[in-house]
Amino acid sequence: MTYASILTRLLPMLNADTVAELQWWTESELYAWMQEAAQRISRFALFVELASEPVTSGEPNYALPAQYRAAIQISLDERTLRPVSVAQLEARSTTWTQDSGTVENFVLDGRTVRIWRTPTSSGTLAILYYAWPSVAAGGSDRYPDVIGDAYAWHVIGDARAKPGDAMAPDIAAQARERARLYDAVIEQYWGTW
Amino acid sequence: MNLAELRDKTRSRLDDLSPAGSSYTTAQIDGALNEGLRLFALLTLCIERTVTIPMQIDTTRYQMLSLLRDWLLPLRARCHVVAGATEGALWDQPLWDSTLFNELFPDAAVTMTPVRPARLRDLTALNPQWRQDRSATIKRYGCVGIDELFVHPAPSATGTSLQLTYAAAAAALSLDTDTPETPDEDHQALVHFAVSTLPFNYGGRELQQGTEDLLRFLAIAEHRAEQVRTRSRTAGYDREPFELQAFDRSILAALMKGKKEKQEKAA
């Protein structure tokens, strides 16, 4: 399932053999719709990645991976940390921002994860997370082709709903029904996060 | 039916025979048949394989798509522990009392125990440091996402394997003599899928007529999924196929009905 493999599947359904032969769409439009398809499909608990970050003594904040969508589990040196909110930490310790010692919890704050307490020794932070497999870097060849099929139907639905000469409501409706079928199957097997 | 026969049937249904390939290329038809095969395998989980994966010491996570290219979902796991496995005669290191190369030493003790499914949160709730647990026998397994498999506890010694039964993706059809891995009686479903998919570049009447074929494809898949579900329950598998009967097909039916109404009006 790469950008190129999905494109190869899409082009015949858009009456073209190559990108240059596309009559009513540009490659950048297909690319944008593919990114939207990736975002829609990544709401399912399908794409999981593991990131490891070195933890340094005295530093509680660590950046989350670029393709991060939601945390599944965060552990420090194979010890699972429990998620908490800032309100809970404030209730637990009025000096929580200065507390240091054994790390037990983590707080997600935008694009960073803050571990509590501030570590006093080095270690490795393992972040298991639901990812958004961007097609920007060509996608990932790791995932099966059947997931690429789901992407393709989402894109055809969008391409055929584009106002103008390319608009074909019957084709768009059929493509969206197929995309809905793939989504339903993925949701039943892997769930949502 | 092999690929060549499926292709001919599809061409015949699409009236693409005089001359053959005037509307659709061989690559387009093969692509549609393969997509149908992939979807059929996903909907029904009818392709099963059983493999034995040697577990690594102190390792709790495995990326299944790196180990098995056709991995979809786990169905059942068994822990296979061989004590004394290193006593087996290897190809270039025969032992005097081993009858064949690569056979286990006759005195090796083999045990096979069921491995129960679990969720990450269950293991964490039981013990936040579960990844540090070690044992000769794996007791639980689970999957996060499509390919992240975890086991608990991690094996403490060599000789532990996971006998895994899994639902597999179908192998692609590329040669004319290739036969789909799905049951023979379901091969017609692939023709229905291709007939419903290929007219997407034309739209119009052909596409609407194809909707009926898509519904037939889904009906065959539903029937197969029911059989697989019954068998899965009997075998005590951890997963069952997609519940197609719960999928709302009313919009597809409406698209098909729209076609019939137009035909009636025209008549």
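What follows draws every value from the coordinates through simple rules; no lab data is involved. It should be emphasised that the depicted structure is a prediction, and the values quoted were computed from it without experimental measurement. Please note: Cβ atoms are built from the backbone with ideal geometry, for glycine as well, and neighbour counts cover all protein chains shown.
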Legend entry - Gain upon complete extension [B:Ala157, B:Thr230; 0.36 nm per residue less C-alpha separation]: 22.5 nm
Inset, instruction - At 0.36 nm per residue, minus the direct Cα-Cα distance, what do B:Met112 and B:Glu5 gain on full extension? Give it in nm, one decimal, please. - result: 34.1 nm
Legend entry - 5 angstrom amide H check on A:Phe106, placed H, neighbours 5+ away: A:Arg82, A:Val84, A:Trp116
Legend entry - Förster radius 22 Å - calculated FRET efficiency between B:Ala219 and B:Glu243 (Cβ-Cβ, nearest 0.05): 0.95
Inset, instruction - Report, please, the projected area of the protein assembly as shown averaged over directions, based on the convex hull of its C-alpha atoms, in nm². - result: 28.8
Legend entry - Span from the region A:42-88 Cα centroid across to the region B:33-53 one, whole angstrom: 33
Inset, instruction - Taking the Cβ of B:Asp8 as the centre, find all other residues whose Cβ is under 15 Å away and add up their charges (Lys, Arg: +1; Asp, Glu: -1). - result: -2
Inset, instruction - Would you calculate, for the protein assembly as shown, the mean residue ellipticity at 222 nm contributed by helices, counting each DSSP H stretch of 4 or more residues as -39,500 (n - 2.57) and dividing by all residues, to the nearest 500? - result: -12000 deg cm²/dmol
Legend entry - B:Trp71 long-range amide H proximity, modeled H, under 5 Å: B:Ala169
Legend entry - A:Thr124-B:Gln188 pseudo-label distance in nm [points 7 Å out on the Cα-to-Cβ vector]: 5.6
Legend entry - Potential extension, A:Thr8-A:Arg43 segment - 0.36 nm per residue separation minus Cα distance: 10.1 nm
